[in-house]
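**Student:** If you scroll down you'll find the structure; I have some questions about it.
The values are calculated or read from the model by the stated rules, or taken from the named source; none is laboratory data. Quick caveat: nothing in here was measured; it's all calculated off a predicted structure. Cβ: placed from backbone, ideal geometry, glycine included. Neighbour counts: every protein chain shown.
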Amino acid sequence: MLRFLLLRVLTTIPVLVLVTFVVFGLVLLIPGDPAVTIAGPDATVEQVAAIRERLGLDRPLLVQYWDWVTSAMAGDLGTSLYTSRAVATSIGDALPVSMALAGAALLISLVIAVPMAIVSALRRGTWVDRVATLGSSLGIALPSFWLGLVFVLIFSLTLGWLPATGYVPFAQDPVAWLTHLVLPALTLGIAGAAESTRQLRGSIIGVLQQDYVRTARAKGLRGRMVVGKHVMKNASVPLVTVLGLQITALLGGAVLVEQVFGVPGLGQVAIAAVTTRDIPVIQGIVLIAVLVAVVCNLLVDLVYGYLNPKVRPR
Amino acid sequence: MTRTLPVARTAATTTLEVEDLVVEVLTEDGWATVVDGVSFSLGRGETLGIVGESGSGKSVTCLSIAGLMPPRQTRVRAGTLRLLGQDLTALDQRQMSDIRGPKIAMIFQEPMSSLNPAFTVGDQIAEVLRRHEGLSRKESKARAIELLDRVGVPNPARRFGQYPFEFSGGMRQRVMIAIALACTPDIIIADEPTTALDVTVQAQILELLREIQREHGMSVIFITHDLGVVADVCDRVLVMYAGQIVEGAPLDELFEDPQHPYMEGLLAAMPRMDQRTDALVSIPGHPPQVGAFPAGCRFHPRCAYVRPQCTDGAAPPLEQAGPTHTTRCLRHLELTLRGTT
Ligand SMILES: Nc1ncnc2c1ncn2[C@@H]1O[C@H](COP(=O)(O)OP(=O)(O)OP(=O)(O)O)[C@@H](O)[C@H]1O
Ligand code: SF4
Ligand SMILES: [Mg+2]
């Protein structure tokens, strides 16, 4: 197991090297000179040159790259060109927020999707199944920011149960943290739940037709055991793939929902950085997003190994 | 409906009695009958063969006995099933699941797909014991290893922790037998257990089944296409055609003196050791589709002895052709059919 993990981590290294190149290089392709941008429209040529030198933009590319990679590994992602804050600090503030949001959304989506998928697969073709299928089609089709606005309208403005926007750190007030998290997490979770339900329902229906499910019933196992053990372990495999993608997407792509609910997550930082061409921040965020994706993939592979002994290393 | 005139047997020696079983499946054109008035009884320690071409209703008959036909798409329309005097048709799903394992166990044809790929074979044996005998994890593991050993899996303690993909087809079928044997059931239903295996492995598995049956004196229902296998293992045989039993007799009697033209055809088509089988004889035509069974004798479109009286009205009744021999042929008294000698 340990060897497998080590091997998997080692194989991601070339990917990471490639990604750092691309992240670093992409920024050079963006039209416009950051030094000019930072210096502002009234700056003289000398001022621009000074800024360029301060940022190291005048040195050879490989040197710039090497500097960037080594300091990134030391946890120094540079300084924002605008706020002059350390990029690592901005990301360090936003990442836990995004992680809490993503975690809550994922939890909500699973709590909805798993029972719904099981019931509609077992009662295939009945009205329960039709309602669930319609529900998940809607959940996939409806834009999440719109759903978010509707939730705000209902639960905050009309019913007054939950705060409409904002975020309170857990350390400051756990209850407020939770109440602020519910609506954005629900908004994100529903889209995820819809996708997971559809995926899981399909795979459960497929597994139910397998001979080994008949064997499990022929042994006299109770329905709960047949479905909960024999069906679910096999039917979960495609779900894990979907979940892996969802986590990655949730951490980097909750931009609109963060905006709607004023949640200071990575998405907010990303928007600010992109609109101002804040290169070090963009680089930092992409790097983090890639790391998250790599870690998620690793986790997905580990879970695969658990679910499917055939792919497990021996 | 007609029924087999039961071979005289006292309650103590009969494990299972099936009477007038009718099973329907849902097709595009509505409910269609696939098993039509099947009746038979199974004696203690007896091996009863069920033969017949594909689609004749052999599996449906047995799955219905075990309550394993999928609900909603299929239904048992009529019939009584008595297992050791207990009426199975009166039981609900939950009560049926208590029966499966300790009283009726099944072995299926596909050893490759009948075991769950995601669990160790050991766990798949042990869970039966935990479910029905309330054994702990440790106890059930010890018993499962004994069972693996009993069915001839070498290195049982190590094999316990391995997954189905690490086993060959024959070894998996041994595992299936271990699962079936776990709670020493009264009846084992083996649905073409050796069809998917190659000949040498097939012989080993048959030998194992025979041994186990001798050891525990259980009753076995053995479904197969292969008359050679039937001759090897069965005491008595039922022949099914288009959802009905068309002939039933003790093994030797059936082979030497068939009373139904369909059985004569099956025997003629049987490849034999003592003759070159280049010119494989087979019954011309195909069995009828579900929902389109012919009027009169269902076999008449393919029968060489067909007469006008065979072609309409209800299906012929199952008649006694001897003390322990039944047939569903109107002309069995006038015909002299060829068996094996
Ligand atoms: N779940 C089901 N839904 C619909 N039709 C079914 C179902 N199970 C069986 N049937 C139909 O019932 C008929 C009898 O099938 P059965 O499996 O009993 O045949 P069999 O004699 O076991 O054949 P084989 O030798 O191929 O196993 C077939 O026409 C089959 O298509
Ligand atoms: S009843 Fe007639 S058609 Fe049917 S098997 Fe007998 S002879 Fe053939
Ligand atoms: Mg069958």
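**Student:** Considering each residue of the range B:171-205, count those that are surrounded by fewer than 19 Cβ atoms within 10 Å (Cβ to Cβ) and either within 16 Å of ligand 2 (Cβ to nearest atom) or more than 14 Å from every other protein chain (Cβ to nearest Cβ) (or both), and give that number.
**Tutor:** Number satisfying all stated conditions: 6.
**Student:** Taking the conditions exactly as written (over 15 Å from A:V97 (Cα atoms) and either among the charged types (D, E, K, R) or part of a helix (DSSP H, G or I) (or both)), does A:V257 satisfy them or not?
**Tutor:** Numbers: over 15 Å from A:V97 (Cα atoms): no; either among the charged types (D, E, K, R) or part of a helix (DSSP H, G or I) (or both): yes.
In short, no.
**Student:** Still on this structure, please answer the following. Check the range B:120-131 and report whether any residue there is among the basic types (K, R), assigned by TED's automatic domain parsing to the domain that holds B:I212 and within 21 Å of A:V213 (Cα to Cα).
**Tutor:** Yes: one or more hits.
Results for (1) surrounded by fewer than 16 Cβ atoms within 10 Å (Cβ to Cβ); (2) of a type outside the set (F, W, Y); (3) within 14 Å of chain A (Cβ to nearest Cβ); (4) within 15 Å of ligand 1 (Cβ to nearest atom), shown as yes or no for each residue.
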position: B:G217; (1), (2), (3), (4): yes, yes, no, no
position: B:F222; (1), (2), (3), (4): no, no, no, yes
position: B:D232; (1), (2), (3), (4): no, yes, no, no
position: B:V246; (1), (2), (3), (4): no, yes, no, yes
position: B:A295; (1), (2), (3), (4): yes, yes, no, no
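**Student:** Within the group B:E53, B:E24, B:E28, which residue is within 16 Å of ligand 1 (Cβ to nearest atom), of a type in the set (D, E) and under 13 Å from the mean Cα position of the chain (by Cα)?
**Tutor:** The unique qualifying residue is B:E53.
**Student:** If you take the residues in the range B:100-120 that are farther than 20 Å from B:I212 by Cα and either more than 7 Å from chain A (Cβ to nearest Cβ) or not hydroxyl-bearing (S, T, Y) (or both), which one is nearest to ligand 1 (Cβ to nearest atom)?
**Tutor:** To start, the set of residues in the range B:100-120 that are farther than 20 Å from B:I212 by Cα comprises B:110, B:112-120.
Okay, now just the ones that are also either more than 7 Å from chain A (Cβ to nearest Cβ) or not hydroxyl-bearing (S, T, Y) (or both), so B:110, B:112, B:115-120.
Working: B:E110: 11, B:M112: 16, B:L115: 19, B:N116: 21, B:P117: 23, B:A118: 24, B:F119: 25, B:T120: 29 Å.
Among those that are farther than 20 Å from B:I212 by Cα and either more than 7 Å from chain A (Cβ to nearest Cβ) or not hydroxyl-bearing (S, T, Y) (or both), it is B:E110.
**Student:** What number of residues within the range B:48-74 satisfy the criterion of being more than 16 Å from ligand 2 (Cβ to nearest atom) and farther than 14 Å from B:G248 by Cβ?
**Tutor:** Counting residues in the range B:48-74 that are more than 16 Å from ligand 2 (Cβ to nearest atom) and farther than 14 Å from B:G248 by Cβ gives 18.
**Student:** Hey, another quick one. Is it true that B:S140 is more than 8 Å from chain A (Cβ to nearest Cβ) and among the hydroxyl-bearing types (S, T, Y)?
**Tutor:** On the way: more than 8 Å from chain A (Cβ to nearest Cβ): yes; among the hydroxyl-bearing types (S, T, Y): yes.
So B:S140 passes the test.
**Student:** I would also like to ask the following. Out of B:D252, B:D257, B:D226, which single residue is within 16 Å of ligand 3 (Cβ to nearest atom) and either under 24 Å from B:G43 (Cα atoms) or within 14 Å of chain A (Cβ to nearest Cβ) (or both)?
**Tutor:** Exactly one residue qualifies, and that residue is B:D226.
Conditions (1) within 16 Å of ligand 1 (Cβ to nearest atom); (2) loosely packed, with under 15 Cβ neighbours inside 10 Å; (3) of a type in the set (A, V, I, L, M); (4) farther than 24 Å from B:S54 by Cβ, marked per residue:
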residue	(1), (2), (3), (4)
B:H286	yes, yes, no, no
B:F299	yes, no, no, no
B:R302	no, no, no, no
B:Q309	no, yes, no, yes
B:A315	no, no, yes, no
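**Student:** Give the range A:206-218 a look and list any residue that's facing another protein chain (nearest Cβ under 7 Å) and either among the aromatic types (F, W, Y) or outside any helix (DSSP H, G or I) (or both), or say none.
**Tutor:** A:Q210, A:Y212
**Student:** Go through the range B:52-84 and give me each residue that's within 11 Å of ligand 3 (Cβ to nearest atom) and away from every other protein chain (no Cβ under 14 Å).
**Tutor:** Within the range B:52-84, B:G52, B:E53, B:S54, B:G55, B:S56, B:G57, B:K58, B:T61 meet the criteria.
**Student:** Still on this structure, please answer the following. Quickly run through the range A:67-86 and pick out the residues that are assigned to a helix (DSSP H, G or I) and either among the acidic types (D, E) or at pLDDT 85 or above (or both).
**Tutor:** Scanning the range A:67-86 gives A:D67, A:T70.
Every residue, every condition in (1) over 27 Å from the mean Cα position of the chain (by Cα); (2) surrounded by fewer than 17 Cβ atoms within 10 Å (Cβ to Cβ), yes or no:
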| site | (1), (2) |
| --- | --- |
| A:Q47 | yes, yes |
| A:D58 | yes, yes |
| A:A72 | no, no |
| A:A102 | no, no |
| A:V114 | no, no |
| A:A117 | no, no |
| A:A132 | no, no |
| A:S137 | no, yes |
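**Student:** Any residue at all in the range A:294-310 that is more than 30 Å from B:P117 (Cβ to Cβ), in a helix (DSSP H, G or I) and more than 14 Å from every other protein chain (Cβ to nearest Cβ)?
**Tutor:** no
**Student:** Of the numbered conditions (1) within 14 Å of chain B (Cβ to nearest Cβ); (2) assigned to a helix (DSSP H, G or I), A:L221 satisfies every one except a single condition; which is it?
**Tutor:** Condition not satisfied by A:L221: (2).
**Student:** Give the range B:124-137 a look and list any residue that's over 27 Å from the mean Cα position of the chain (by Cα) and within 11 Å of chain A (Cβ to nearest Cβ), or say none.
**Tutor:** Here is the first cut: in the range B:124-137, the residues over 27 Å from the mean Cα position of the chain (by Cα) are B:130, B:134-137.
Selection gives B:R130 alone.
**Student:** Still on this structure: If I filter the range B:80-92 down to residues being in contact (Cβ under 8 Å) with a residue 40 or more places away in the chain and crowded, with 20+ Cβ neighbours inside 10 Å, which single residue comes out as farthest from B:G243 (Cα to Cα)?
**Tutor:** The selected residue is B:L83.
**Student:** Show the residue pairs meeting these rules: Cβ distance below 9 Å; 6+ apart or different chains; first residue within the range B:317-341 and under 21 Å from B:H300 (Cβ atoms) and free of Cβ contacts under 8 Å to residues at least 24 places away in the same chain; second residue of a type in the set (F, W, Y) and within 12 Å of ligand 2 (Cβ to nearest atom).
**Tutor:** B:E334/B:Y305
**Student:** Of all the residues that make up the range B:219-242, how many are more than 24 Å from B:L206 (Cα to Cα) and either more than 15 Å from ligand 2 (Cβ to nearest atom) or over 15 Å from the mean Cα position of the chain (by Cα) (or both)?
**Tutor:** The number of residues fulfilling the criteria is 1.
**Student:** Evaluate the following for B:A78: is it near ligand 1 (Cβ under 9 Å from one of its atoms) and over 21 Å from B:P185 (Cβ atoms)? Lay out the reasoning, then the answer.
**Tutor:** Values: near ligand 1 (Cβ under 9 Å from one of its atoms): no; over 21 Å from B:P185 (Cβ atoms): yes.
Considered against the rule, which asks whether it is near ligand 1 (Cβ under 9 Å from one of its atoms) and over 21 Å from B:P185 (Cβ atoms), B:A78 comes out as no.
**Student:** Is there any pair linking a residue in the range B:285-306 that is outside any loop (DSSP other than H, G, I, E, B) to one that is within 16 Å of ligand 3 (Cβ to nearest atom), with Cβ under 9 Å and at least six apart or on different chains, and which?
**Tutor:** B:R302/B:P287
**Student:** Within the set of pairs 6+ apart or on separate chains, which have a first residue in the range B:215-241 that is assigned to a strand (DSSP E or B), a second that is of a type in the set (S, T, Y) and within 13 Å of ligand 1 (Cβ to nearest atom), and C-beta atoms under 8 Å apart?
**Tutor:** If the second residue must be of a type in the set (S, T, Y) and within 13 Å of ligand 1 (Cβ to nearest atom), the pairs left are B:I223/B:S59; B:M240/B:S56; B:M240/B:T61; B:Y241/B:S56.
**Student:** Please find, among A:V274, A:V269, A:V240, the residue that is farther than 30 Å from A:T165 by Cα and either touching a residue at least 40 places away in the same chain (Cβ under 8 Å) or assigned to a helix (DSSP H, G or I) (or both).
**Tutor:** Values: A:V274 fails: farther than 30 Å from A:T165 by Cα; A:V269 fails: farther than 30 Å from A:T165 by Cα.
Result: A:V240 is the single residue among A:V274, A:V269, A:V240 that is farther than 30 Å from A:T165 by Cα and either touching a residue at least 40 places away in the same chain (Cβ under 8 Å) or assigned to a helix (DSSP H, G or I) (or both).
**Student:** Could you check the range B:248-264 and list, in sequence order, the residues that are farther than 28 Å from B:L181 by Cβ, outside any loop (DSSP other than H, G, I, E, B) and more than 16 Å from ligand 1 (Cβ to nearest atom)?
**Tutor:** At the first step, the residues of the range B:248-264 found to be farther than 28 Å from B:L181 by Cβ are B:249, B:252-264.
When the remaining residues are screened for being outside any loop (DSSP other than H, G, I, E, B), the result is B:249, B:252-256, B:261-264.
Once the filter is applied, which keeps residues that are farther than 28 Å from B:L181 by Cβ, outside any loop (DSSP other than H, G, I, E, B) and more than 16 Å from ligand 1 (Cβ to nearest atom), the range B:248-264 yields B:A249, B:D252, B:E253, B:L254, B:F255, B:E256, B:P261, B:E264.
**Student:** Of the conditions (1) more than 21 Å from A:P309 (Cβ to Cβ); (2) surrounded by fewer than 23 Cβ atoms within 10 Å (Cβ to Cβ); (3) of a type outside the set (G, A, S), B:R159 satisfies every one except a single condition; which number is it?
**Tutor:** (1)
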